[in-house]
Amino acid sequence: MSERKHIDFNGIFCGIKPETGRFRLAPTAVGWKASDDKANIISAEDLKKVSWIRAARGYQLRITNKDNTVSKFDGFKLEDFDTLKDTIKLYYKMVLESKELSVKGWNWGKTDFQGSDLVFNVTNKTMFELPLAQAIGANKPGKNEVSINFVDPGQPAPEGVNPREIDELMDVTFYIPGTVAKETDNNEEDGDEEEVNADMVFYENVKSKLEFSQMTTENIVQFQEVLCLTPRGRYNIDMYQDFLRLRGKTYDYKIQYSSIIKLFLLLKPDEVHVLFVIGLDPPLRQGQTKYPFLVFQFVREDEVDVELNLDEATMNEKYDNKLLKHYEAPTYEVISTIFRSLTGRKVTVPGAYRSHHGAHALKCSMKANEGYLYPLEKSFLFIPKPPTFIPLHEISIVTFSRVGTSSGASSRTFDMKFHMKSGNDIQFSSINREEYANLEDFIKQKKIKIKTENNEETIITYTDIDDGIEDEDDNYDNSRKKRRTEVRMPSQIDDEDESPDEDFAPDESGSDVPEEYDSDAHDSSAGEEEEDD
């Protein structure tokens, strides 16, 4: 072996690359090269440790460098171990360590952060490793739980990869109970150690690894404590050149600008707040809940003073002078301008529609959720929950109901239903009667068919309850009297005629009295007579 200048192994994988290549050990370096890929070379002077471990694709040779970076080569056979061991000892004066994996099948153990990897150990043996550099986010779905997300389920597969032919880890959740001692500075005096929740310490460690792996470039600008209505919470928005990060107390997301497909800037009817809506494809995910729209709210009069972390050359070349170095303006204007420049998407604003009170939107309800419906030039948009986008060209017909009755009277509110060309129906209720004329004119201008159903059976809303509350009380009293007359027993008529016919009121003792038609009513009456005696 001493006469050979190098040792080669074919059919070896490098990292997570799908193609195989040739792995070579030489006295001066370790190298791997595929037929159509650039060679991956590690100098012999940079080697720190070499390990042999069982992997999914055969056996793995793991090389740890002096800067603590790790290179992994899979696809070796068991009989290659002796050759590798002798060669590494001869060329690099190092011992090839053989590591055993835990195969107990336990789902509890200890975690360890090694570089950018999260190692899960069971009885001091490695069970699995997670490359945090490939994670896209982390969150706390529940008490003592930390979830790490690796793949967005709506994200398209890489070019040339059929998602039906491969399995891939999407997310993993850890349950971490108990507390740990809080880390303190060495300068502090020794005393009672303060304890913090172990899951929060683990969560912060994971987030720090994600931040380190994602911060290949410095952020352009950061906005603190921005109120988000959907999903609810306050988030810090860190904007980079190719993506943004939403950092909240519970959830942490990375969103590529290529996933942003729509932007809306809308003034609320109160004229105090401004809504900034971001449309996403694929949608944001919290557990099993998907959010295709993010709805941020700003106070109209609030201003911000920020300076972008970009040089003049980058702003001129990459962003075509659409960004300024310094902004001092209302917060919603600054954020919408920066989003428009970084994403390349147009910001949609309200058009010519005005409600009865001169606002850009009308108040209504979608099922049990109250919100605002914005009739825009090319669509309807209902916000904040659930954000619903309705393109005008997908509407087949609009049906108005409860606009008026056969007797000529009209209710305070009416309903509107969109019949979509896809066959779905979207209904909005509790729309103020005053909005009907302007809304009808807008829909007619868009050349959408309109149908009115005056006598349609509809759901009674909270707004309409007051209109008939007196009639309902009268009907209830009459029905109750009639029911009492029908169910009276002959032996109880005399006793009941002595008491006035009025609504039941409990006596001072607060005990419950059975109804007249109850099976125990006769015994109760008899008991009362005995007490009177």
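The values are calculated or read from the model by the stated rules, or taken from the named source; none is laboratory data. Not measured: the values here are computed from a predicted model. All Cβ positions, even for glycine, are placed from backbone atoms using ideal geometry, and neighbour counts span all protein chains on display. Heads up: the accessible areas ignore ligands, DNA and RNA and are worked out on the full protein's heavy atoms, side chains in. Shrake-Rupley method; radii C 1.70, N 1.55, O 1.52, S 1.80 Å.
Quick notes
- Pairs where the first residue, in the range 11-28, is in contact (Cβ under 8 Å) with a residue 24 or more places away in the chain and under 16 Å from Lys77 (Cα atoms) and the second is open to solvent by 80 Å² or more (accessible area, probe 1.4 Å) and in a strand (DSSP E or B), C-beta under 9 Å, 6+ apart: Gly11/Arg22; Ile12/Arg22; Cys14/Lys33; Thr20/Asn10; Phe23/Asn10; Phe23/Lys33
- Residue list for the range 71-87, restricted to those being among the aliphatic types (A, V, I, L, M) and over 19 Å from Lys33 (Cβ atoms): Leu78
- Criterion violated by Ser430 - all others in (1) on the phi > 0 side of the Ramachandran plot; (2) outside any strand (DSSP E or B) satisfied: (2)
- Those residues of the range 204-232 which are modelled with pLDDT under 90 and among the aromatic types (Phe, Trp, Tyr), in sequence order: Phe212
- Counted residues, the range 89-127 - those being within 30 Å of Ala29 (Cβ to Cβ) and out of contact with any helix residue (DSSP H, G or I) (no Cβ under 8 Å at 6 or more places or on another chain): 12
- Of all residues in the range 86-97, those satisfying the criterion of being open to solvent by 60 Å² or more (accessible area, probe 1.4 Å) and more than 29 Å from Ala133 (Cα to Cα) are Asp86, Lys89, Leu90, Lys93.
- Residues (crowded, with 17+ Cβ neighbours inside 10 Å, within 13 Å of Pro375 (Cβ to Cβ) and among the charged types (D, E, K, R)) located in the range 410-452: Glu435
- Applying the set (1) free of Cβ contacts under 8 Å to residues at least 12 places away in the same chain; (2) closer than 19 Å to His6 by Cα; (3) out of contact with any strand residue (DSSP E or B) (no Cβ under 8 Å at 6 or more places or on another chain); (4) not small (Gly, Ala, Ser) to Lys38 leaves exactly one unmet item: (2).
- Residue match in the range 350-363 (condition: open to solvent by less than 30 Å² (accessible area, probe 1.4 Å), within 23 Å of Leu267 (Cβ to Cβ), of a type in the set (S, T, N, Q) and assigned to a strand (DSSP E or B)): no
- Residue count for the range 189-199 satisfying the condition of being at pLDDT below 85 and open to solvent by less than 100 Å² (accessible area, probe 1.4 Å): 1.
- Phe73 vs. criteria out of contact with any Ser or Thr (no Cβ under 8 Å at 6 or more places or on another chain), crowded, with 16+ Cβ neighbours inside 10 Å and at pLDDT 90 or above: yes
- In this entry, Arg402 passes the filter for residues that are open to solvent by less than 40 Å² (accessible area, probe 1.4 Å) and either at pLDDT 90 or above or out of contact with any Gly (no Cβ under 6 Å at 6 or more places or on another chain) (or both).
- Among the residues of the range 103-126, the ones that are aliphatic (A, V, I, L, M) and surrounded by fewer than 17 Cβ atoms within 10 Å (Cβ to Cβ) come to 2 in all.
- Residue within the range 1-15 that is β-branched (Val, Ile, Thr) and assigned to a loop (DSSP other than H, G, I, E, B) present: no
- Of all the residues in the range 86-144, those that are outside any strand (DSSP E or B), under 18 Å from Tyr203 (Cα atoms), hydrophobic (A, V, I, L, M, F, W, C) and at pLDDT below 90 number 4.
- On the stretch given as the range 222-273, residues that are in a strand (DSSP E or B), of a type in the set (D, E, K, R), farther than 22 Å from Val304 by Cα and open to solvent by 20 Å² or more (accessible area, probe 1.4 Å) total 2.
- Any hit, the range 163-171, residues being surrounded by 13 or more Cβ atoms within 10 Å (Cβ to Cβ), assigned to a strand (DSSP E or B), at pLDDT below 90 and not β-branched (Val, Ile, Thr): yes
- Residues considered: Glu100, Glu129. Of these, the only one that is open to solvent by 30 Å² or more (accessible area, probe 1.4 Å), acidic (Asp, Glu) and more than 24 Å from Asn40 (Cα to Cα) is Glu100.
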